[in-house]
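A short worksheet on the structure shown next.
The values are calculated or read from the model by the stated rules, or taken from the named source; none is laboratory data. This structure is a prediction, so every number in the text was calculated from the model and none was measured. Reconstructed Cβ throughout: ideal geometry from the backbone, glycine too, with neighbour counts over all protein chains shown. Remember, those area values only see protein heavy atoms, side chains included, never the ligands or the DNA or RNA. Shrake-Rupley method; radii C 1.70, N 1.55, O 1.52, S 1.80 Å.
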Amino acid sequence: MSSPDPQVRAARNLTDPPPESTPEKKRPRAPRNRGPVVAVTGAATGVGELLTARLAASDEVKQVIAIDERRGEVSEATWHILDVRDPAIAEKLRGADVVVHLALDLDLETDPAARTAYNVRGTQTVLTAAAAAGVHRVVLCTSAMVYGALPDNDVPLSEDAELRATAEATGVGDLLEIERLGRRAPRAHPGLNVTVVRPTVLVGGTDTALTRYFESPRLLVVAGSRPTWQFCHVDDLVTALEYAALEKIDGEFAVGCDGWLEQEEVEELSGVRRMELPSAVALGAAARLHRIGLTPSPAGDLAYTMHPWVVSVSRLHDVGWRPRWTNEEVLGALLEEVEGRHTVAGRRLGRKDATAVSATAAGATVALLGTAALVRRARKARRRI
């Protein structure tokens, strides 16, 4: 699905008489003498690559410094190849006004301890290096998941609401620690400002427990829960990060589509039916299957499909930013992306596996729950021996 509101280019009227002057030659781009020098970590892939390309094309940016463990495709940027945990990054940041730190590992398949070591140590190093290099602003990107998904959440949450998430969901513990480091950095390094950007459910070339939810043949709904969905397309996240890099907004703010969708609306728009399970069954099975290594998602991920965590995006609106995508459009884009994928309880299956497990969502869910039951029986049998 392409981004809405494409730029319309007027066709030249070939019947008009030619201009009296000689044909206009393409003028070389004028040197950039104004605007900040912006460094982007994680610049070779994903959101980092999209932001690097956008900043490199902007007349409001003097220079883009791109940092990653491999060189990316944006030739207009100045590239430095290194791990963000390397203290040598301080020298590479010298001369930068703003650093946008996007070198995070939130891959579901990464070993959790290794993921945390990379994310936390990388953020610590970037903040310290930025202060040492004389950078005056660091932009961190976490997630609206840090607010927590709780049954008593306001709908929508205020952007300055208390962060009530726990470390039980994939990567959320890392994001909470990154936010803690961001709050502490200005006290440890006077003169350094930190901006925190919190996207809602991110869609557009992403692979998370929440996007995998829509790869299931039926949508799991926990009985008695109140799911609400607020999406954020990567295009909109990139423009919000650009606002932060250009210092049009600071502090802590959320980014996402306006409003939200109720679970019933999601089911109607997607055409995917629900499977409702009791809370104890769903949470218990998710915990057991994760513990024995059958699924990458811990039980804590389920909370974000059970309880509301939608958030206001008023701070971006106040400075003139508007999302280009609606929740309905992003959901449509997500469904196109995941078409043909098969995921059950967070575990992505190959075509052969999916067929073997079940031809229906009900069979797949029962099979996984049955697996958990068999594991329990086997453990009991071992204890009796």
Can you give me the Rg/Rh ratio for the range 129-276, using Cα atoms for both radii and the Kirkwood formula for Rh? 1.01
So the FRET efficiency between Ser279 and Ala57, C-beta based with R0 = 51 Å and rounded to 0.05, is 0.55
With a sphere of radius 10 Å drawn around the Cβ of Ala133, what net charge do the other residues whose Cβ falls strictly inside it have (Lys, Arg +1; Asp, Glu -1)? +1
Along the range 84-98, Karplus-curve 3J(HN,Hα) (6.51, -1.76, 1.60; θ = phi - 60°) to the nearest Hz, with x for Gly and Pro, reads 5, 7, 7, x, 5, 4, 4, 5, 5, 8, 4, x, 7, 8, 9
At a 10 angstrom cut-off on C-beta neighbours, averaged per residue, how do the peptides 312-321, 291-300, 125-134, 97-106 rank from highest to lowest? 97-106, 125-134, 291-300, 312-321
When Lys and Arg each count +1 and Asp and Glu each count -1, what net charge do the other residues less than 12 Å away from Arg198, Cβ to Cβ, add up to? -3
Relative packing of 261-270, 224-233, which averages over residues the other C-beta atoms within 10 Å, highest first: 224-233, 261-270
Residue-span extension gain [Leu294 to Asp258] - 0.36 nm each, minus C-alpha spacing: 9.3 nm
Taking 7 Å along the Cα-to-C-beta vector as the label spot, tell me the Arg226-Asp111 distance in nanometres, rounded to one decimal. 4.2
Report the full-extension gain for the segment Glu69 to Glu339: residue separation times 0.36 nm, less the Cα-Cα distance, to one decimal in nm. 94.1 nm
Distance (nanometres) between label positions extended 7 Å along Cα→Cβ at Asp83 and Arg184: 2.2
Base-10 log of normalised Debye intensity for the range 232-336 (one unit scatterer per alpha-carbon) at q = 0.15, 0.17, 0.22, 0.23 Å⁻¹: -0.82, -0.94, -1.14, -1.18
What does the charge count around Glu252 come to, taking other residues whose C-beta lies under 13 Å from its C-beta (Lys +1, Arg +1, Asp -1, Glu -1)? -1
For a quick check: with amide H placed at 1.01 Å from N, whose amide H comes under 5 Å from Glu276's, ignoring anything fewer than 5 positions away on the same chain? Val221
Expressed as a percent, the accessible surface of the range 115-241 that is carbon or sulfur, using a 1.4 Å probe and the full set of protein chains, is 50
Express the accessible area of the range 82-208 per residue in Å², computed with a 1.4 Å probe while the remaining protein chains stay in the model. 39
Would you mind putting 145-158, 40-53, 234-247 in packing order, based on average other-beta-carbon counts within 10 Å, highest first? 40-53, 234-247, 145-158
Where only protein heavy atoms count, and the probe is 1.4 Å, what is the accessible area per residue for the range 213-345 in Å²? 39
